[in-house]
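The values are calculated or read from the model by the stated rules, or taken from the named source; none is laboratory data. Keep in mind that this is a model prediction, so the values were computed, not measured. A quick note on method: Cβ atoms are made from the backbone with ideal geometry, for glycine too, and the neighbour counts reach across all protein chains shown.
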Amino acid sequence: MQKKSKGIFSKIYIALCFAFFYLPIVVTIVFSFNSSKSLSNFTGFSLRWYASLLQNGEVVKAVYVSVTIAVLATIISTVLGTITAIGLSKTRKILRDAMLSLNDIPILNPDIVTAISLMLLFSSLGMEKGYMTMLLAHIGFCTPFVITSVYPKVRGLDPSLADAAMDLGATPFQALTKVILPILRPGIFAGILLSFTMSFDDFVISYFVSGNGVKNISIVVYNMTKRINSTINALSTLVILVIILVLVAFRILPRVHRKRHPEEAGKDKSRKNRNLGIGMAALAGLLVLGTWAAVHTSGASRELRVYNAGEYMDLDLLKEFEQKYNCTVIYETFESNETMYTKLLAGDQYDILVPSDYMIERLIKEDYLQPLDWDLISNKDAINPDVLGKDYDPDNTYSVPYFWGNVGILYDKRVVSQEDAAQGWDLLMNPKYAGRLYMYDSERDSMMVALKALGYSMNTSDPQQLQEAYDWLIKQRDTMKPIYAGDDVIDNMISGNKAIAVVYSGDATYIMSENPNLGYIMPDQGTNLWYDAMVMTKSCRNTELAEEFMDFFLEKDNALRNTQFVGYSSPVESVYEQMQNEDYEGISAYVPRVGYEKDEIFHYQDAETKKLFAQLWTKVKAQ
Amino acid sequence: MKEYRKLSIPYLVWTVIFIVIPLILIVLYAFTVGGNPVRTLNFTLSNFAKVNEPTYIRVFIKSLELGVLTTAICLFAGYPLAYIISRFPDEQQDILILVVTIPTWINMLLRTYAWMNLLSDNGIINGLLAKLGLGSLHMMYTDFAVIIGMVCNFMPFMIIPIHTSLQKMDPSLIEAAMDLGASPLQTFRKIILRLSMPGVINGIVMVFLMGISSFVIPKLLGGGQYVLIGNLIESQFITVGDWNFGSAISTILAVIILIAMRLMKKMDLKEADGE
């Protein structure tokens, strides 16, 4: 083969490209050794994230799920895709074209569409969501990539080759494995790489088709975005290390061996066969382990399925609860109330949910919840009366408060003067700070800001008032050029990238404890007061255990550790007071304003209003 | 080779269950309103009518632009790399392609956070610039940041298929062309590019599809004002809970893409059969 054109320019070009690909990876690796939580400011070398990684059972399990699913899905879809590609080249044109077009559908559909449709499919087939459904879904979206990679190679294949082999006495199977497959090798290799990559990095589809506590790395990472920390960087560094080791072992060692013992070169074939055998054995092993994991997660006698927001609980408490009450907690997390609702809608079963006020109101209305037996909740008197008896559940028939807070403005004290900060929501319109603020990228919260700034109720559905709020947001967009951010605002404000941000009080508490230059105000025009609470679903059978769980989180020590971990305001009065004087002394965001008449709680919106809000917000952002 | 015809039957069955049925479900949602579409069957075109609104059309156009731009950059930067790699000895090629792929095994969100830390106003690059006594650059929340993030993420999906089609190309073809007096440019256009066309088309299709429906990267690096089809659909399905409208948007998206791919494949066939 001609091997020229490997001149200096080629080498420089390769180096540049690789530098570009590996730049973010290098950053990831470097910050896995950071001594602080920051992802942009290196404060010193430490191995603490590796230690916390090893202690984090959730992450270890997720690695296992990700790797086995990726390997199994890759093997199965490569075999399936390759034989299909070969078969297709021999089928009638009409069928072939139809299949090839259909094959593109999973690739071209946005992930969320595939995810929802598969979720509906599994639900309507009555399949329990977990490891198996995730694997099936992954095979589903990987196989098209294999077919796409292999098919062009099959098309370029000379059909007489196989015929010749068979004329010479080969069976069709022999002709396939000895003649055809070797020619298709580059295509198959590409297919393997693509499927492994797609499977390993998938979040959306995995999230919606899995359940029963089965999580892959992506699911863990995506639900960590609120408190992104270097544990995952440490994990990625280990993944890279393992990949490199495996590559060295498989690629380079045999070559060294061959160089030293050239006489063995002829035995390459037997080695290949042996490798194949090892591969098959590994596959069988994985399958066994996989099914074991699937069975193991749903085997315990007493179990409790808890569905909470991501990074919203000190997981050590879960372990202690399991020990104390001799049960298994299957813990899953969601990114938003709406995501949780979507999964409930598809028939996913949980015992305890931790939604927000307006969602609890909706769940009560739609008959998803069952009343609690407050007699079993021995710590009920410890609850701060300020957080009980709110509109969403006036007698707390269904809900036990979990955390609470409000929404306010976080500002850099070095940039924003006290007077300006006192303007409340109008600060967000102050041209002095144009281009230096974050708004929260959520239709409900942004409309709340505008409506409150204008002096209206945030629960209004009056078209005139909504129009005015919309105009306010448009004007703000044009004059202030804000960035509409999600949870990434947390890391950005800690790094001090902008001067002003609209945030939830609990996040503000955490940000302020990491960046002392910030202040928090609760606007005089009124704001959103919110409550997250534990509720028990209709499908919960072991209600006593569920109530013990709620009680456990109201116990003083546990509540203290939970609020220390999460940073949100505790509903347990004594803990709440203790934190104000200790950990969060001087951090105003930990102490939400109560009894202020202009503050409101969100109510559940009907479908039409919700659609209108979403439409207005898209217009604000996209124009 | 007729013996192998039956090999595609298992996947045919699979396709029906995992692709056709869900597809029918989505189309059904797109053409109905209210509740469970299978039970109520309230047919309507109103979901499609709703898309005909300047904001949404702008969202479509912006997504298409971003998809095309990302694909173009990946193609023009990725082709040379795939070509250079294909000139290496066989064993090294596999390793180089793996080296291209490995970064994509690190969680995408994490890589995007890494880019945020590199590009932000107080980020790593600006920190280095400040140490060198240079002024700071504003890179975050710009088209530049979004394109960087997308290209970094999707380029391997361009390189792999192009490399696959270049890999087993017979080098004697190139020699023959050169011997017959073709200039390097002619050789490239008439031989190399022609023969690698299936890979190029595969790469374009994959990167374009991922680019047009991506939303996490644009949202984090470009800010929430980067409303693309991907997040429009996501918010309809999750936040708003309007699966009908969400399905209608994705149906339109699917139709646009299918037409585009038909055209691409026609080109491919012409290339393969022509002249």
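What to note about this one:
- Where B:ASN117 falls short, out of the listed (1) more than 22 Å from the chain's Cα centre (by Cα); (2) surrounded by fewer than 21 Cβ atoms within 10 Å (Cβ to Cβ); (3) assigned to a helix (DSSP H, G or I): (2)
- Residue match in segment A:507-516 (condition: outside the structural domain of A:GLU311 (by TED's automatic domain parsing), touching a Lys or Arg at 6+ places or on another chain (Cβ under 9 Å) and closer than 24 Å to A:TYR341 by Cβ): yes
- Criterion: among the hydrophobic types (A, V, I, L, M, F, W, C), more than 7 Å from chain A (Cβ to nearest Cβ) and out of contact with any helix residue (DSSP H, G or I) (no Cβ under 6 Å at 6 or more places or on another chain) - qualifying residue of B:LEU137, B:LEU166, B:LEU96, B:LEU119: B:LEU137
- Within segment A:71-101, the set of residues being surrounded by 17 or more Cβ atoms within 10 Å (Cβ to Cβ), hydrophobic (A, V, I, L, M, F, W, C) and at the interface with chain B (Cβ under 9 Å from one of its Cβ atoms) comprises A:LEU80, A:ILE83, A:ALA85, A:ILE86, A:LEU88, A:MET99, A:LEU100.
- For segment A:301-420, the helices (runs of 4 or more DSSP H) that sit wholly inside it and include 2 or more residues that are touching a helix residue (DSSP H, G or I) at 6+ places or on another chain (Cβ under 8 Å), more than 30 Å from A:LEU518 (Cα to Cα) and β-branched (Val, Ile, Thr) are A:337-345.
- Applying the set (1) in contact (Cβ under 8 Å) with a residue 24 or more places away in the chain; (2) surrounded by 17 or more Cβ atoms within 10 Å (Cβ to Cβ); (3) over 30 Å from B:LEU193 (Cα atoms); (4) within 25 Å of the chain's Cα centre (by Cα) to B:TYR11 leaves exactly one unmet item: (1).
- Check on B:LEU209, farther than 26 Å from A:ARG477 by Cβ, crowded, with 21+ Cβ neighbours inside 10 Å, touching a helix residue (DSSP H, G or I) at 6+ places or on another chain (Cβ under 8 Å) and in contact (Cβ under 8 Å) with a residue 24 or more places away in the chain: yes
- Among the residues of segment A:394-421, those that are surrounded by fewer than 23 Cβ atoms within 10 Å (Cβ to Cβ) and either free of Cβ contacts under 8 Å to residues at least 12 places away in the same chain or within 22 Å of A:ASN379 (Cα to Cα) (or both) comprise A:PRO394, A:ASP395, A:ASN396, A:THR397, A:TYR398, A:SER417, A:GLN418, A:GLU419.
- Within the option set A:TYR402, A:TYR368, being closer than 18 Å to A:ALA589 by Cα and of a type outside the set (Asp, Glu) holds for one residue only, A:TYR402.
- The residues listed here are A:ALA614, A:ALA589; of these, the one that is within 14 Å of chain B (Cβ to nearest Cβ) and either under 27 Å from A:LEU304 (Cβ atoms) or in a helix (DSSP H, G or I) (or both) is A:ALA614.
- Helices (runs of 4 or more DSSP H) lying entirely in segment A:1-95 (those with 2 or more residues that are farther than 30 Å from B:ILE125 by Cβ and over 29 Å from the mean Cα position of the chain (by Cα)): A:57-88
- The single condition from (1) more than 7 Å from every other protein chain (Cβ to nearest Cβ); (2) at pLDDT below 85; (3) surrounded by 22 or more Cβ atoms within 10 Å (Cβ to Cβ) that B:VAL38 fails is (3).
- Test for A:VAL239: is it β-branched (Val, Ile, Thr), farther than 30 Å from A:GLY126 by Cα and either assigned to a helix (DSSP H, G or I) or more than 9 Å from chain B (Cβ to nearest Cβ) (or both): yes
- Failed condition for A:ALA559, given (1) surrounded by fewer than 20 Cβ atoms within 10 Å (Cβ to Cβ); (2) among the hydrophobic types (A, V, I, L, M, F, W, C); (3) closer than 18 Å to A:TYR510 by Cβ: (1)
- The residue list B:VAL68, B:VAL16 contains one member that is part of a helix (DSSP H, G or I) and within 10 Å of another protein chain (Cβ to nearest Cβ), which is B:VAL16.
- Qualifying residue in segment A:348-358 (condition: touching a Pro at 6+ places or on another chain (Cβ under 9 Å) and crowded, with 22+ Cβ neighbours inside 10 Å): no
- Scanning segment A:116-135 for residues that are more than 7 Å from chain B (Cβ to nearest Cβ) and either within 18 Å of B:ILE256 (Cβ to Cβ) or touching a residue at least 60 places away in the same chain (Cβ under 8 Å) (or both) yields A:MET119, A:PHE122, A:SER123, A:GLU128, A:LYS129, A:GLY130, A:TYR131, A:MET132, A:THR133, A:MET134, A:LEU135.
- Qualifying positions in segment A:144-201 - of a type in the set (Ser, Thr, Tyr) and within 7 Å of chain B (Cβ to nearest Cβ): A:THR148, A:SER149, A:THR197
- Some residue of segment A:105-115 being more than 8 Å from chain B (Cβ to nearest Cβ), buried (at least 24 other Cβ atoms within 10 Å of the Cβ) and either out of contact with any Pro (no Cβ under 6 Å at 6 or more places or on another chain) or at pLDDT below 85 (or both): yes
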